[in-house]
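Below is one structure, written out as structure tokens; the observations come after it.
The values are calculated or read from the model by the stated rules, or taken from the named source; none is laboratory data. Model, not experiment: these values are computed from the prediction. Positions of Cβ are generated from backbone atoms using ideal geometry, with glycine treated the same way; all protein chains shown enter the neighbour counts.
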Amino acid sequence: MAISVSTALALLALAVAVFALLAVGGVYGRLKQAERALADMTFGEIASSMPEELRPRDGAAATVVLTLDGECPTCHQLAAAVDAAVSDGVMTGLRVVRMFATEESRGRHTPSDLVETYADPDLWTAVYEGYTPTVSIVDRNGRVVHRRFVYPDTDLGALVRDLRARAGVTDHSASLLVPQETS
Amino acid sequence: MVVRTAPDGARVAAELPDQLGAPKWYGITRIAGARIQRDFHVAPVGQYRLIPQKLMPGASDRVFQRRGHDIILYEAADRSDSCLVWVGPHHEATTWFGGPAPRPDLLSTLMGLVRFEDSPQGARLASTSPSMTQQYGTAVSAWSDRSVVTIRSAAEGASSLPDWQGLARDGREVWRRAVEMDDAPRSRYAGTPYEWRYVVASATAVTEVVLRPPDQAGASMAGEETVAAVVDGVRVSWTG
């Protein structure tokens with residue numbers, strides 16, 4: 001049975017319409033998928049990877065980065081408190097780094113033999129979050145796992161004690177330190 | 001003279017007489033778009049700690065780290081209320097949902113829509129798609145133990161001005177209007193400056209001053225000289 005030209009055209013148009021509908025559905029599905037992916041990206045943590053220089057070295061579990069300025073008094077207090085903690089052995093298993101923007105601001109601080117110091121504008125840009133002093137903890141993957149702004153009324157002793165737990169260091173030397181702190 | 005950044009980014013230069021006390025600065029703004037309409041309350045940093053301690057004991061929290069600030073989602077244990085707080089080094093901005101925390105995709109839209117920029121002078125909240133949203137209802141307020149000063153731009157505050165002419169002073173116009181009070185405080189403060197709020201309109205800003213009565217019974221009350229200081233001394237400009 002032969003079909004007339006008009007029936008053939010109608011069937012063809014129907015086929016095209018069905019195809020167009022499927023195509024629109026497909027595009028809509030992909031769009032929804034893209035929206036969800038985008039939502040996941042924005043909702044999740046901002047993955048900011050720290051430069052190689054600031055990642056933990058020599059078997060350290062994490063790096064404690066102190067972002068310091070030359071002039072602010074709290075910066076000097078924080079640097080001194082962390083220095084004392086390092087010499088007391090409270091920071092075992094952590095790499096501690098002082099970060100300055102310029103040589104000039106580094107020069108305003110008392111030099112320390114115990115703590116590594118960088119005065120590098122590029123590194124500074126990677127860590128600086130618009131406030132000094134800031135304490136950041138960087139894990140082995142270069143991810144900032146903890147960041148804290150330090151204020152003049154912050155309890156520096158508690159902050160320093162808190163750092164090990166934040167960095168996820170749980171070895172026996174931590175518990176051995178408790179009697180030292182109380183004595 | 002104090003220079004502050006309003007929550008919408010405007011520059012507010014305020015000269016307030018000493019009689020008004022040493023203030024802490026707060027702010028409010030609203031961002032509204034097709035899917036979102038939210039009020040944001042800006043406060044000095046640290047007050048968000050009261051949310052899980054006092055306002056919603058046992059509230060769950062979830063922290064999202066961002067460059068230069070954290071965003072914390074608090075939700076009450078019984079899910080009766082929740083809020084999102086942007087916590088910067090100097091200020092924080094809170095928006096309350098009045099119910100359970102919104103769906104993750106709405107939260108992420110909201111987090112993506114609001115840009116939070118903190119500085120010692122104030123925090124700025126801006127929309128990342130200004131063509132799709134409006135920002136309005138912005139006010140800056142200075143709270144001290146002696147007064148509450150609320151500052152709006154001339155455009156925002158114009159509708160709240162009285163219909164009648166005020167006292168003209170150096171290019172500013174000053175009114176006083178009754179404070180709404182219950183009967184007991186009304187009779188206690190009758191005839192004192194505490195029964196009025198003072199509205200000072202300059203070319204660019206509308207400022208409202210409410211004096212706060214002292215907490216202790218024996219403390220000295222504000223007198224006419226305080227009122228004179230407000231009328232002559234409150235000078236505010238709003239730019240942007």
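Summary table below
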quantity: Subset of the stretch B:214-229 (residues that are in a helix (DSSP H, G or I) and more than 17 Å from B:G191 (Cα to Cα)); calculated: B:A229
quantity: Residue match in the stretch A:141-158 (condition: of a type outside the set (S, T, Y), at pLDDT below 90 and over 28 Å from B:D118 (Cα atoms)); calculated: yes
quantity: Positions within the stretch B:184-225 being modelled with pLDDT of 85 or more, of a type in the set (S, T, N, Q) and out of contact with any helix residue (DSSP H, G or I) (no Cβ under 7 Å at 6 or more places or on another chain), in sequence order; calculated: B:S187, B:T192, B:S202, B:T207
quantity: Unique match (being part of a strand (DSSP E or B) and either of a type in the set (S, T, Y) or at pLDDT below 90 (or both)) among A:T63, A:T92, A:T74; calculated: A:T63
quantity: So B:F64, is it crowded, with 19+ Cβ neighbours inside 10 Å, more than 21 Å from the chain's Cα centre (by Cα) and either closer than 30 Å to A:R143 by Cβ or outside the structural domain of B:H91 (by TED's automatic domain parsing) (or both); calculated: yes
quantity: Out of A:A80, A:A37, A:A84, A:A126, sole residue that is at pLDDT below 90, assigned by TED's automatic domain parsing to the domain that holds A:T154, among the small types (G, A, S) and not in a loop (DSSP other than H, G, I, E, B); calculated: A:A126
quantity: Those residues of the stretch B:110-164 which are closer than 12 Å to B:V206 by Cα, aliphatic (A, V, I, L, M) and in a strand (DSSP E or B), in sequence order; calculated: B:A139, B:V140, B:V149, B:I151
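Residue by residue, here is whether (1) free of Cβ contacts under 8 Å to residues at least 60 places away in the same chain; (2) assigned to a strand (DSSP E or B); (3) more than 14 Å from chain A (Cβ to nearest Cβ); (4) in contact with a helix residue (DSSP H, G or I) (Cβ under 7 Å, 6 or more places away or on another chain) holds:
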residue: B:V12; (1), (2), (3), (4): no, yes, yes, no
residue: B:Y26; (1), (2), (3), (4): no, yes, yes, no
residue: B:T29; (1), (2), (3), (4): no, yes, yes, no
residue: B:A43; (1), (2), (3), (4): yes, yes, yes, no
residue: B:P57; (1), (2), (3), (4): yes, no, yes, no
residue: B:V63; (1), (2), (3), (4): yes, yes, no, no
residue: B:I71; (1), (2), (3), (4): yes, yes, no, yes
residue: B:R79; (1), (2), (3), (4): yes, no, yes, no
residue: B:V85; (1), (2), (3), (4): yes, yes, yes, yes
